[in-house]
């Protein structure tokens, strides 16, 4: 649920489904748009712990979702689907990350992103070659540093 809430708070994107009783949901944006959070739209793809010595440390879980599962739906015409900053949602008008774009994997690898993000994007790219819908349950890679060495385990 935290991943869904953070995605909404930082991007304005709703990972939810329409529901008549949503007006009473405690998350205002979901209530205003008549949506309830929907965990089925998330695929758990990785876990990583920031190595010791970093100022900020995280024990992060990474999830993937598909564009056509985001609500409200993107406008069908006169809209470049790669430019999600143009989403007009009555639910949320001031996302923290306002210049969002969907990019290809090759474009993403050329961006200034954290090394672990690049690694996990490569994992997702490979996974999509095996199962385009990510419909199966796969072992999840777990990245961390142990005894001074980077380790990739499967959980």
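Test residue 111 against the criterion of being modelled with pLDDT of 80 or more, in contact with a strand residue (DSSP E or B) (Cβ under 9 Å, 6 or more places away or on another chain) and closer than 28 Å to residue 133 by Cβ, and give yes or no. No, not satisfied.
Kindly indicate whether residue 134 is more than 17 Å from residue 48 (Cβ to Cβ) and touching a helix residue (DSSP H, G or I) at 6+ places or on another chain (Cβ under 9 Å). The answer is yes for residue 134. Restricting 76, 86, 91 to those that are at pLDDT below 90 and in contact with a strand residue (DSSP E or B) (Cβ under 8 Å, 6 or more places away or on another chain) reduces the list to 91. Of the listed requirements (1) closer than 24 Å to residue 153 by Cα; (2) in contact (Cβ under 8 Å) with a residue 60 or more places away in the chain, residue 59 misses just one: (2). Residues in the range 23-44 that are in contact with a helix residue (DSSP H, G or I) (Cβ under 6 Å, 6 or more places away or on another chain), more than 22 Å from residue 67 (Cα to Cα) and assigned to a helix (DSSP H, G or I): 23 alone. Of all the criteria given as (1) surrounded by fewer than 10 Cβ atoms within 10 Å (Cβ to Cβ); (2) modelled with pLDDT of 90 or more, the one not satisfied by residue 96 is (2).
Evaluation of residue 48 against the conditions (1) touching a helix residue (DSSP H, G or I) at 6+ places or on another chain (Cβ under 8 Å); (2) closer than 17 Å to residue 11 by Cα shows that the sole unmet condition is (2). Applying the condition of being surrounded by fewer than 17 Cβ atoms within 10 Å (Cβ to Cβ) and closer than 20 Å to residue 133 by Cα to the range 1-40 and asking which residue is farthest from the chain's Cα centre (by Cα) yields 17.
The values are calculated or read from the model by the stated rules, or taken from the named source; none is laboratory data. Keep in mind that this is a model prediction, so the values were computed, not measured. Note that each Cβ is placed from the backbone with ideal geometry, even for glycine, and that neighbours are counted across all protein chains shown.
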